[in-house]
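Notes to accompany the following structure.
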Amino acid sequence: MMHITPQAELSRHHTFSIKTDCDFLVEASSVEDLIEIYSNPEWEDLPKLPLGTGSNMLFTDHFAGVAVLNRLKGKQVTEDESFYFLEVAAGEDWPALVQWTVENDMPGLENLALIPGCAGTAPIQNIGAYGIELKDVCDFVEYLDLQSFTVKRLTAEQCQFGYRDSIFKQQLSGKALITRVGFKLPKNWSPKTGYGALQQLIEGEPTAKKIFDAVCQVRQSKLPDPRVMGNAGSFFKNPVISSSQFDELKLHYPSIVGYPAGDDIKVAAGWLIDNANLKGYSHGGARVHDRQALVIVNFNDATALDVLSVAWHVKQTVWQKYQIALEHEVRFMGRTHETNLDAIFEGKANERL
Ligand code: FAD
Ligand code: EPU
């Protein structure tokens, strides 16, 4: 029997921990549960929202629909001469999975340590950190097709992974529920220690365990723990701009941080926000985090409007100062539909929020 809660409080189910609720909250532990929920005639007209741990979510309103907690569990390992193959159900906890692979000598995921969320959500924005992205370790993704109610499989190639992007945010948005992810980890492992200060934190020969520990250490020093202070990680994506615009900005701001991205440059949004003196900028109970300017925190009983007001101010300031349009990485759910900052603030530009 599935557990269904009407008028459920959602604050425990998203890491901003802002008080809000939904019409129904239901836990799905199998593909059959998912099919039952999505084909329930009583819920036919209600919007539905799959949720892992809500670590990339902001609810901007009461959610007048069915929030579906993905609790599909289980993992399997097979191997051949060259690879370990992991098949992981979508509801497995990502950070626990990474730790388990490191402890069981199946290296390859260690750079992605401590990223909150479920394994099945990881492909959606192609999670990335410390020099690797999910696409580098992904073999396949399985999903329930919400039109045919059949399970389909995509190869990593077919997932069209990009920076914080995949087919699940594009053509398959709203049409697919991820149920299982396959990983392919080469036995001929090579360490990736090129990102930032990672190398300096590792003594001697790098091992997966040493990298795992170093990544955990850097993350814990910069990123606020959502159990202590609500947040959803980087609020904005790092913007990609032309190299001519970057060169121009560099003349004015010699310390600006950017990395090559094809012919373009990916700029560190944290630097842009920090350099605009926005660290600590607050509205009500929300503010720009003082150790990582790309993170917005709920430091004191923030409302969604507090977070949105901080985000809008950051976006406006960055636009005015550098002519760079920030896009948010965090997904917004409104009353019945996914929404975004521009849609919320357009037309309200003259009101003081
Ligand atoms: P949720 O927030 O629950 O859902 C995210 C989106 O996916 C929603 O739109 C939801 O409807 C949809 N969804 C959820 N499950 C499914 C499913 N099974 N099928 C279809 N759609 C689904 N991200 C990084 O890439 N790198 C980082 O380093 C990083 N660091 C973070 C640090 C902190 C402290 C926090 C709070 C977040 C961080 N994030 C990072 C963001 C977050 O961890 C990832 O986006 C993660 O993949 C979200 O997983 P989740 O299960 O919590 O997703
Ligand atoms: N910076 C500042 N001030 C700040 C923050 C950053 O000057 O307040 C500078 C740093 O000094 C550094 C550069 O900006 O030179 C990049 O900073 P950092 O290494 O902290 O990474 P980031 O670009 O801010 C990205 C991801 C993170 C991921 C880290 C590590 C995005 C949007 N964010 O952050 O992912 O963990 O790199 O790889 O790409 C997330 O997506 O939620 C997330 C946390």
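The values are calculated or read from the model by the stated rules, or taken from the named source; none is laboratory data. If you're wondering where the values come from, they're calculated on a predicted model, not measured in any experiment. Quick reminder, even Gly has a Cβ in these numbers, built from the backbone with ideal geometry, and neighbours come from all protein chains shown. SASA here: full protein model, heavy atoms, side chains in, ligands and nucleic acids out. Shrake-Rupley method; radii C 1.70, N 1.55, O 1.52, S 1.80 Å.
What the table below lists for this structure:
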| read-out | value |
| --- | --- |
| Complete set of residues in region 1-29 that are within 21 Å of V181 (Cβ to Cβ) and open to solvent by 30 Å² or more (accessible area, probe 1.4 Å) | E27, S29 |
| Region 77-135 - residue that is touching a residue at least 24 places away in the same chain (Cβ under 8 Å) and hydroxyl-bearing (S, T, Y) and, of those, farthest from D213 (Cα to Cα) | S82 |
| Region 27-56: number of residues that are under 15 Å from E9 (Cα atoms) and either touching a Lys or Arg at 6+ places or on another chain (Cβ under 9 Å) or among the polar types (S, T, N, Q) (or both) | 3 |
| Pairs where the first residue, in region 306-335, is open to solvent by less than 20 Å² (accessible area, probe 1.4 Å) and the second is away from ligand 2 (no atom under 16 Å from the Cβ) and charged (D, E, K, R), C-beta under 6 Å, 6+ apart | G334/D61 |
| Leading residue by the ranking (farthest from the chain's Cα centre (by Cα)) among those in region 175-200 that are within 14 Å of ligand 2 (Cβ to nearest atom) and open to solvent by 70 Å² or more (accessible area, probe 1.4 Å) | Q200 |
| Listing of helices (runs of 4 or more DSSP H) fully contained in region 256-353 that carry 3 or more residues being within 14 Å of ligand 2 (Cβ to nearest atom) | 269-275, 304-322 |
| Residue among L146, L172 that alone is out of contact with any Lys or Arg (no Cβ under 8 Å at 6 or more places or on another chain), crowded, with 16+ Cβ neighbours inside 10 Å and of a type in the set (A, V, I, L, M) | L172 |
| Boolean, Q245 is away from ligand 2 (no atom under 16 Å from the Cβ), open to solvent by 50 Å² or more (accessible area, probe 1.4 Å), of a type outside the set (V, I, T) and outside the structural domain of P95 (by the TED database) | yes |
| Any hit, region 277-285, residues being of a type in the set (D, E, K, R) and either open to solvent by less than 70 Å² (accessible area, probe 1.4 Å) or touching a Phe, Trp or Tyr at 6+ places or on another chain (Cβ under 7 Å) (or both) | no |
| Criterion: more than 30 Å from E44 (Cβ to Cβ), within 14 Å of ligand 1 (Cβ to nearest atom) and modelled with pLDDT of 95 or more - qualifying residue of L114, L172, L144, L185 | L114 |
